[in-house]
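Down below is the structure, laid out as structure tokens.
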Amino acid sequence: MSQKIGGSGALGGGSAVNAEVDAVGNLFTRNAGYNATGIALGGGPTNGPGLYTEADPGVITTARLMIAPEGDADYRLRISQELLLDDETFNYLAQNTGKHQYTNTTLTLAWTATGLQTNSGTITTINTGAKFTTYASFPVFGGGQQLYCQFWASANINPVTNMNTDVGLFLPGAATPYAPTDGVYFRLDSNRWNGVINYNGTETVVSLTGFTYAANQVYKFTITTAEGTTYFWINDVLYGSIALPVAQSTPFMSDTLPFSLRTAIGGTAASGALQLLVKDYTVSIGGTGFAEPLGARSNAIFGSYQGLSGGTMGGLTKYTNSTNPTAAVPSNTALTANLPSGLGGEAWETFTLAVNTDGILMSYQVPAGTVAVLGKRLKVTGVKMTAYVQTVLAGGPTVNTFAIAFGHTAVSLATAEAATTKKPRIVLCPELTNTCTAAQAVSTLLAQPSGSVSIFTEPIYVNPSEFIQFTVKHVGTVGTSGTIAYNIQFIYSWE
């Protein structure tokens with residue numbers, strides 16, 4: 001039996017009408033709001049539907065997580081970008097000592113081509129442990145900012161007794177067992193993975209009971225935290241959350257935290273040699289309202305004025321503590337021994353270079369990208385230089401001109417342009433031009449100017465495996481002896 005659905009008009013429709021259906025049986029409905037003539041229906045827009053996004057369907061937690069975006073009174077939706085704070089892929093064979101610190105007691109970590117491996121010695125020894133942490137720390141701002149920590153990892157066996165492994169954002173203890181003193185992190189204990197917030201040593205833990213891992217399978221682990229609830233996700237599925245304790249205003253006490261990993265065996269032997277293999281990590285922040293050049297952000301991620309992961313560790317400025325360099329005559333086709341291979345430092349030139357001949361005072365080859373070395377472009381925005389007489393000059397006078405040679409695929413300035421090779425591109429640095437007088441005295445600055453900066457409005461980009469060099473040319477009368485000391489510094493970043 002069919003039945004009509006009607007109404008009295010009490011909700012603002014104006015008259016009693018029947019509901020309508022289309023040709024395939026869909027019922028037409030009208031939400032609360034205004035009609036075409038501006039009359040409120042069903043209580044007006046305040047009773048209408050809201051706009052929500054599904055952050056998690058509740059497959060594990062059994063409760064769907066819905067979050068409403070925010071709009072202002074002038075019809076604008078609150079939006080923001082996500083800012084990358086740090087990123088690292090562990091595909092190289094030695095610690096990047098410029099970014100990371102590592103401390104251990106018997107239990108060891110290993111840098112391998114497939115990841116950072118905990119307990120590389122497969123021990124079960126009591127009272128042992130290791131910690132890995134970034135030198136950089138990452139902020140949690142107020143006002144709706146959200147801090148994200150993500151890493152990919154696998155475990156070789158099921159959980160073992162008496163071994164804990166923590167990964168996330170936390171301050172590790174100074175000594176074995178290096179237990180976290182503050183932060184947010186995942187913990188693999190003797191039973192399962194857990195989510196932890198730690199406020200100045202007081203931990204609140206949620207057991208991620210819905211997650212069981214398979215040995216050697218890689219999973220994506222994500223923490224989102226702010227001045228409120230902290231969420232723990234695995235493979236983009238929410239497995240647990242911890243609401244902010246009522247006595248706290250933040251999940252942890254610190255304003256900033258490093259990315260850290262620690263693993264430790266307690267006072268009794270572990271029941272097995274569990275190893276966690278961490279493939280990479282990323283730290284980012286959402287809700288920020290500012291932007292910056294990629295080079296500046298890259299310096300924050302990869303390190304300022306230092307080598308890249310998998311390459312030369314330490315600074316790239318050749319400046320030996322409390323030691324003067326040895327002078328040498330620069331060459332056009334090679335970097336002469338004792339002249340610096342780097343992106344800054346001291347270069348002492350023997351004043352006998354033939355006039356009207358280019359000489360390489362400083363040279364650096366950008367590391368080629370491989371599976372174990374970051375293939376980053378070098379971005380150079382300028383160069384600074386000072387020059388003075390280190391030992392008295394004989395011969396001269398000369399005008400000394402300077403240039404940056406870059407982009408060539410071999411060290412020689414005579415490298416030819418061909419299908420598989422590149423000749424050097426040249427950027428002149430007229431701001432650095434100076435002069436030597438005949439028989440100029442020791443400890444005097446070379447004139448006009450003694451020190452200056454050459455800034456490039458358009459940056460120089462040097463690709464992986466290409467060279468960049470700082471060169472000099474003497475014009476005038478050849479020198480016969482003496483030493484000119486240069487202090488040179490490229491202004492650069494990685495992109």
Q | Per-selection Rg to Rh, segment 110-227 - Cα, Kirkwood hydrodynamic radius | A | 0.95
Q) segment 367-444 to segment 301-364: how many Å between their Cα centroids? A) 10
Q) In nm², what is the average projected area of the convex hull enclosing the Cα atoms of segment 240-299? A) 8.4
Q.
What lysines does K423 reach when the alpha-carbon gap must be under 24 Å and sequence neighbours fewer than 8 apart in one chain are set aside?
A. K376, K379, K473
Q: Compute the normalised compactness of segment 438-486: alpha-carbon radius of gyration over 2.2 N^0.38 Å, N being the residue count.
A: 1.61
Q) Relative to the compact globular guide of 2.2 N^0.38 Å, what is the alpha carbon radius of gyration of segment 173-252, as a ratio? A) 1.12
Q. What ranking do 243-251, 275-283, 151-159, 257-265 get when scored by the average of other Cβ atoms within 10 Å per residue, highest first?
A. 257-265, 275-283, 151-159, 243-251
Q.
Which one, N194, A226, G210, is farthest towards the positive end of the dipole of segment 166-284 when Lys and Arg carry +1 and Asp and Glu -1 on their Cβ?
A. G210
Q | For segment 44-134, diffusion coefficient by Stokes-Einstein and Kirkwood Rh (Cα), 10 °C, 1.306 mPa s, µm²/s | A | 86
Q: Please report the base-10 log of the normalised intensity I(q)/I(0) for segment 368-495, using a Debye sum with one equal scatterer per alpha carbon and no solvent, at each q in 0.11, 0.18, 0.22, 0.23 (1/Å).
A: -0.47, -0.98, -1.20, -1.26
(Q) Let me spell out the model: positive unit charges on the Cβ of Lys and Arg, negative unit charges on the Cβ of Asp and Glu, origin at the Cα centre of the chain. What dipole size does that give, in debye rounded to 20? (A) 620
Q | When segment 138-178 is reduced to its Cα atoms, the Kirkwood hydrodynamic radius in Å | A | 13.7
Q) Hey, what's the Kirkwood Rh for segment 83-291 if you take every pair of different alpha carbons, in angstrom? A) 17.0
Q. What distance in nm separates the simple spin-label points at L445 and S304, each placed 7 Å from Cα in the Cβ direction?
A. 2.5
Q. So how long is each side of the chain along the principal axes, counting just the alpha-carbon atoms, biggest first, in Å?
A. 114, 72, 48
Q) Can you give the Kirkwood hydrodynamic radius of segment 329-442 from its Cα pairs, in Å with one decimal? A) 15.9
Q. Past the 18 Å Cα-Cα mark, which pairs from K318/K384; K384/K422; K318/K422; K99/K279?
A. K384/K422; K318/K422
(Q) Run the reach check for K220 against aspartates and glutamates, Cα to Cα strictly under 14 Å, same-chain hits fewer than 8 apart removed. What comes back? (A) D236, D280
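Bear in mind these aren't lab numbers, they're just calculated from the coordinates by the rules spelled out. Please read these numbers as outputs of a predicted model, since none were measured by experiment. Reconstructed Cβ throughout: ideal geometry from the backbone, glycine too, with neighbour counts over all protein chains shown.
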